[in-house]
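A short worksheet on the structure shown next.
Derivation of every value follows stated rules applied to the coordinates shown; laboratory data play no part. Owing to the predicted nature of the structure, the values given are computational and were not obtained by experimental measurement. Heads up, the Cβs are rebuilt from the backbone with ideal geometry, glycines too, and the neighbour counts pull from every protein chain shown.
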């Protein structure tokens, strides 16, 4: 297994070119082309501001009743969530779509889920400038804690890789994981503090909800983003540390299952 | 030096039954047999203890029927599939032409695909950059290289795929039937490239159904049958053994088909028989048999072979006016040959009781195909006693791809000013 992992490093040029192919192919034939990477999060931001900021209106004291602040908070969570959910959904299909490669070319299959996580990471990166652009506009200021952001991204990256290894290899044998996953991700989205802060009074009053949210690794990743960008305060090191260990464990479990099922891919995809 | 060493390799495919195929994650959790679902319940042996060695610098052919394990073997040597048991040792850089352009992405340009495909096949970016022009030139795609691959014709697609794979410059080249799709000008170009490889003493493993190319190109051939090695060695000998086996199988198929017709379609067959048989049967043709010249009953012949048509006839009374006739028709209904005893100046004297009439054809000299046989007994003025129209059939099977109706015995001769070479030695075989 570790020998195979080392091999991935050998294939980094391939990963790199496949990611760039993925990015090029995605907007091929569109008028705005690469600009879509900026427009997509921008449009999303506008929609969220209107719906959650102005129509529903924030209730938590953290937002001082300002729809702009709430929109910014939302965006801090939605952006990385889109990265996670689209890489998971993409990777559920990726082995089947590229079945030809697995069947006909000597090709380490784990590259495919890695490529979907990486190409979505790039999209996420393109969304960050939009986020940063709105921080001062919506009345917040940058703090030195922003420098912790890469750490949170790394934790999420490893977590996503582990999750996609698991999803992509199991979907080969159970095709309906793809459909279950879509529903599950919606549930997961609302089970993580993205549209609401964890300090929300309803949550703090219920012990069950508190424990439940704390058991969700995504809670801590999302909080990491919110702390760095929105609140401008230090990361919760202990919680993020545990999440990091958990991400590593998931990575190794996911990869070893992938590795175990590897030989069945050429016949089953 | 051994380039490829295959030791005792078996490959067992796991076949999941229909029940498992539609097994879903939900249902497997509900039933609690998620781990059982991941286990196959039926095994198919694609390769059974196959061992052979390929010496460096030789071209090695693999022949066999569809489903005999050729492609599986190639994939195992390429490392794409893993053997269930046994060991494969490969010395040198391998490039496998199993499916051309397998990794192409339709939305991006040919240029970008060359780079990505090249990297997949093990080239570095620098190497591709260096060879890029050569790749494009060989594929004859200079004009289209910056167009998205989805706009390519299937020929262009294949050419680009082949061109990249061949320019990987491997020590060992694995080729699986990929030349079958090329057009008339590209295939010779590919074969030239393969020849070039052979001259440079590279090792080639070649899977093909085109036996004449195999015989021309390969130094050694193995014949796989149902996952086992049936024969290894000198190409001509192995190919001949393989062809012999095919003919035997065709014979079996033919008989099997006759039998099923006899059994299942008795009614229909009888009706057809009635339609295709006429005459009052004063003299009856009771049975017709086809035999080889050695007297063995058979239905598949080679063009050079002879045939014996044997008719069992029965005459209820003594009859003095009769003619035996035969006619051979091809599948389009064209009469290839017809004759009767009257045309050949036999004067009938008498026939009574059970008798046998035999027509011996020394050499059929027909091209490939299915043929139908008419047999008849009639009066000299044409009044039929018993006429069987196309009730019997036989098959001509050979490697030749000639056209027309007959295949006269022939040979070519050239004066010394004309230089030609041929690989198809069997063309001039008697």
Problem set entry | Cβ-derived FRET efficiency at R0 60 Å, residue A:55 paired with residue A:263, nearest 0.05 | 0.70
Exercise. Put a dot 7 Å past each Cα toward the Cβ at residue B:304 and residue B:137; how far apart are the dots in nm?
Worked result: 4.6
For this session: Quote the Stokes-Einstein diffusion coefficient, in whole µm² s⁻¹, for chain B, based on the Kirkwood radius over alpha carbon pairs, a temperature of 10 °C and a viscosity of 1.306 mPa s.
Result: 60
Problem set entry | Considering only the protein assembly as shown, percent of DSSP beta bridges that pair antiparallel, nearest 5 | 75
Exercise. Taking the Cβ-Cβ separation of residue B:297 and residue B:65 as r and a Förster radius of 25 Å, what is the calculated FRET efficiency to the nearest 0.05?
Worked result: 0.50
Problem set entry | Relative contact order computed over region B:278-396 (Cα-Cα under 8 Å; 6+ residues apart), in percent | 34
Seminar exercise, completed: Expected integer from the mean partner chain Cβ neighbour count at 10 Å over A:99-108 is 6
Exercise. Roughly what angle does helix B:266-275 make with the longest principal axis of chain B, taking Cα atoms, 0 to 90 degrees, to the nearest 10?
Worked result: 60
For this session: Run the numbers on chain B and let me know its relative contact order in percent, using alpha-carbon pairs under 8 Å that are six or more apart.
Result: 14
Problem set entry | Shielding by other protein chains, B:102-114, mean Cβ within 10 Å | 4
For this session: Give the distance, in whole Å, between the Cα centre of region B:128-144 and the Cα centre of region B:70-124.
Result: 20
Exercise. Going by alpha carbons, how many degrees (0 to 90, nearest 10) lie between the helix axis of B:110-120 and the longest principal axis of chain B?
Worked result: 80
Problem set entry | Expected 222 nm ellipticity per residue - DSSP helices of 4 or more, -39500 (n - 2.57), all of chain A, to 500 | -23500 deg cm²/dmol
Exercise. What's the center-to-center distance, using Cα atoms, between region B:205-265 and region B:350-370 in Å?
Worked result: 29
Problem set entry | Mean-position separation - Cα centroids, region A:232-263 and region A:159-187, in angstrom | 16
For this session: Could you check what % of the DSSP bridge pairs in region B:2-245 are antiparallel, to the nearest 5?
Result: 55
Exercise. What percentages, rounded to whole numbers, describe P(r) for chain A computed over all alpha carbon pairs with 10 Å bin width beginning at zero?
Worked result: 7, 27, 34, 22, 9, 1
Exercise. Considering the alpha-carbon set of region B:40-102 alone, what are its Rg and its Dmax in angstrom?
Worked result: 12.9, 42
Exercise. So what is the orientation-averaged projected area of region B:97-200, using the convex hull of its C-alpha atoms, in nm²?
Worked result: 6.0
For this session: State the three equivalent ellipsoid semi-axes of the protein assembly as shown, derived from the C-alpha gyration tensor as the square roots of 5 times its eigenvalues, in descending order and whole Å.
Result: 72, 30, 23
Problem set entry | Intensity falloff of region A:39-160 expressed as log10 I(q)/I(0), Debye formula with alpha-carbon point scatterers, at q = 0.13, 0.20, 0.21 Å⁻¹ | -0.63, -1.11, -1.18
For this session: Between residue A:182 and residue A:27, take the C-beta separation as r, use R0 = 22 Å, and let me know the FRET efficiency to the nearest 0.05.
Result: 0.40
Exercise. Got the relative contact order for region B:146-206 handy, in percent, Cα pairs under 8 Å and 6 or more residues apart?
Worked result: 42
For this session: For each of A:242, B:221, count neighbouring Cβ atoms within 10 Å of the residue's Cβ, then give the residues from fewest to most.
Result: A:242, B:221
For this session: Order by neighbour count: B:125, A:238, fewest other Cβ atoms within 10 Å first, most last.
Result: A:238, B:125
Exercise. Add -39500 (n - 2.57) for each DSSP H run of 4 or more in chain B, then divide by its residues: what number comes out at 222 nm, to the nearest 500 deg cm²/dmol?
Worked result: -9000 deg cm²/dmol
For this session: Relative to the compact-globule scaling 2.2 N^0.38 Å, provide the ratio for the alpha-carbon radius of gyration of region B:2-245.
Result: 1.14
For this session: Scale the Cα Rg of region A:1-81 by the rule-of-thumb value 2.2 N^0.38 Å and send over the ratio, two decimals.
Result: 1.68
For this session: May I ask for the Kirkwood hydrodynamic radius of region A:115-269, worked out over all distinct Cα pairs and given in angstroms to one decimal?
Result: 17.3
Seminar exercise, completed: Counted neighbours (other Cβ, 10 Å), sorted fewest up, put B:385, B:115, B:13 in the order B:13, B:115, B:385
For this session: Determine the percent antiparallel among the DSSP beta bridges restricted to chain B, to the nearest 5.
Result: 75
Exercise. Can you list, largest first and rounded to whole Å, the semi-axes you get for region B:278-396 by taking the square root of 5 times each eigenvalue of its Cα gyration tensor?
Worked result: 25, 15, 13
Exercise. Peptide A:27-34: average number of partner chain Cβ atoms within 10 Å per residue?
Worked result: 1
